[in-house]
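Right, I'll just put the structure down here and ask away after.
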Amino acid sequence: MEVVIVPNAKAGGELIAEAMAALVRRKADALLGVATGSTPLPVYEALAAKVKAGEADVSKVRICQLDEYVGLPAGHPESYRAVVLREVVRPLGLSEASFMGPDGSADDIVAACDAYDRALAEAGGVDLQLLGIGTDGHIGFNEPCSSLASRTRIKTLTHQTRVDNARFFDDDIDQVPHHVITQGIGTILDARHLVLLATGEGKAEAVAQTVEGPLSALVPASALQLHRHATVVVDEAAASKLKLADYFRQTYADKPAWQGL
């Protein structure tokens, strides 16, 4: 995989947004996979700025969701559908019709998971999937020891994850769902280009294990080692435990500009 070390989160956001814009210039109806949380916000802000400045036409772009809470009522402001609409779809000037996501309120969750997996394939597959990473190396809600071949499925949240997410629910853990639908690792690996963004010292160990450690279900993000086009963008803090950091800096500096990410 390619590792790109940037000065800070803003620079990472700009770099990935330009990669997305370049993709859309090549393929106007590209399917972009997005993640939630604070880490990818600089990407969405930079991409929206490019659209506003006329540097990218995203009018035909489609957006798809990585994961979703199970059991929240339709329209709940903290459902990931609502978050993606609020932080990505509307700032880009897109309509809700451009958006794809799993149905976390379905009566048959297993069927909803299978349906979303099929929908992604029928849409032609994800062109670029943006990912974050947990301190334990998880991607999506694929916690350690998830199958590296897993498909979209229901997962049970750990107590710590619910504690961490309580801040979005008035600091009331009782409001945080116990289950989520997540694209599986196998589903994620189907995307044509995977871009993982990590910032902050708290992600440094997970990044090092993902990039330089062995392929292991204990570090789900290490599955990116299997992908034909995986890019890891990290700030200096998140890169602080990489043994080959100088090598990664040199190879990126010497990379032909026409290659992009």
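The values are calculated or read from the model by the stated rules, or taken from the named source; none is laboratory data. In this text the structure is predicted, and so the values were computed from the model without any measurement. Cβ: placed from backbone, ideal geometry, glycine included. Neighbour counts: every protein chain shown. SASA here: full protein model, heavy atoms, side chains in, ligands and nucleic acids out. Shrake-Rupley method; radii C 1.70, N 1.55, O 1.52, S 1.80 Å.
Would you confirm whether any residue within the range 54-64 is crowded, with 21+ Cβ neighbours inside 10 Å and under 16 Å from the mean Cα position of the chain (by Cα)?
Looking through the range 54-64, at least one residue is crowded, with 21+ Cβ neighbours inside 10 Å and under 16 Å from the mean Cα position of the chain (by Cα).
OK, next. Which of (1) out of contact with any Leu (no Cβ under 7 Å at 6 or more places or on another chain); (2) under 19 Å from Thr39 (Cβ atoms) is the odd one out, the single condition Val126 does not satisfy?
(1)
Check Ala30, Ala9, Ala46, Ala21 and return the single one that is within 23 Å of Ala238 (Cβ to Cβ), open to solvent by less than 30 Å² (accessible area, probe 1.4 Å) and hydrophobic (A, V, I, L, M, F, W, C).
Ala46 is the lone residue from the list that is within 23 Å of Ala238 (Cβ to Cβ), open to solvent by less than 30 Å² (accessible area, probe 1.4 Å) and hydrophobic (A, V, I, L, M, F, W, C).
Just checking, does the range 102-113 include any residue being in a helix (DSSP H, G or I), within 23 Å of Leu72 (Cβ to Cβ), touching a His at 6+ places or on another chain (Cβ under 9 Å) and open to solvent by 40 Å² or more (accessible area, probe 1.4 Å)?
No: the range 102-113 contains no residue that is in a helix (DSSP H, G or I), within 23 Å of Leu72 (Cβ to Cβ), touching a His at 6+ places or on another chain (Cβ under 9 Å) and open to solvent by 40 Å² or more (accessible area, probe 1.4 Å).
Being within 21 Å of Ala11 (Cβ to Cβ), surrounded by fewer than 18 Cβ atoms within 10 Å (Cβ to Cβ) and of a type outside the set (Ser, Thr, Tyr) is the filter here, so list the residues in the range 216-244 that pass it.
Glu236, Ala237, Lys241, Leu244
List the pairs whose first member sits in the range 1-12 and is under 12 Å from Val207 (Cβ atoms), whose second member is open to solvent by 70 Å² or more (accessible area, probe 1.4 Å) and in a loop (DSSP other than H, G, I, E, B), and whose Cβ atoms are under 7 Å apart, counting only residues at least 6 apart or on separate chains?
Ile5/Glu236
Sticking with this structure for a sec: Assess whether Leu85 counts as being surrounded by 11 or more Cβ atoms within 10 Å (Cβ to Cβ), at pLDDT 95 or above, closer than 23 Å to Ile188 by Cα and of a type in the set (A, V, I, L, M).
Considered against the rule, which asks whether it is surrounded by 11 or more Cβ atoms within 10 Å (Cβ to Cβ), at pLDDT 95 or above, closer than 23 Å to Ile188 by Cα and of a type in the set (A, V, I, L, M), Leu85 comes out as yes.
Here is a yes/no grid of residues against (1) at pLDDT below 95; (2) open to solvent by 70 Å² or more (accessible area, probe 1.4 Å):
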{"residue": "Gly132", "(1), (2)": "no, no"}
{"residue": "Gly140", "(1), (2)": "no, no"}
{"residue": "Glu143", "(1), (2)": "yes, no"}
{"residue": "Leu148", "(1), (2)": "no, no"}
{"residue": "Arg151", "(1), (2)": "no, yes"}
{"residue": "His159", "(1), (2)": "yes, yes"}
{"residue": "Asn165", "(1), (2)": "yes, no"}
{"residue": "Thr182", "(1), (2)": "no, no"}
{"residue": "Leu189", "(1), (2)": "no, no"}
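With the condition kept exactly as written, say whether any residue in the range 66-73 is over 19 Å from the mean Cα position of the chain (by Cα) and closer than 21 Å to Leu197 by Cβ.
No, the range 66-73 has no match at all.
On the basis of being under 17 Å from the mean Cα position of the chain (by Cα), charged (D, E, K, R) and in a loop (DSSP other than H, G, I, E, B), does Asp117 make the cut?
So Asp117 fails the test.
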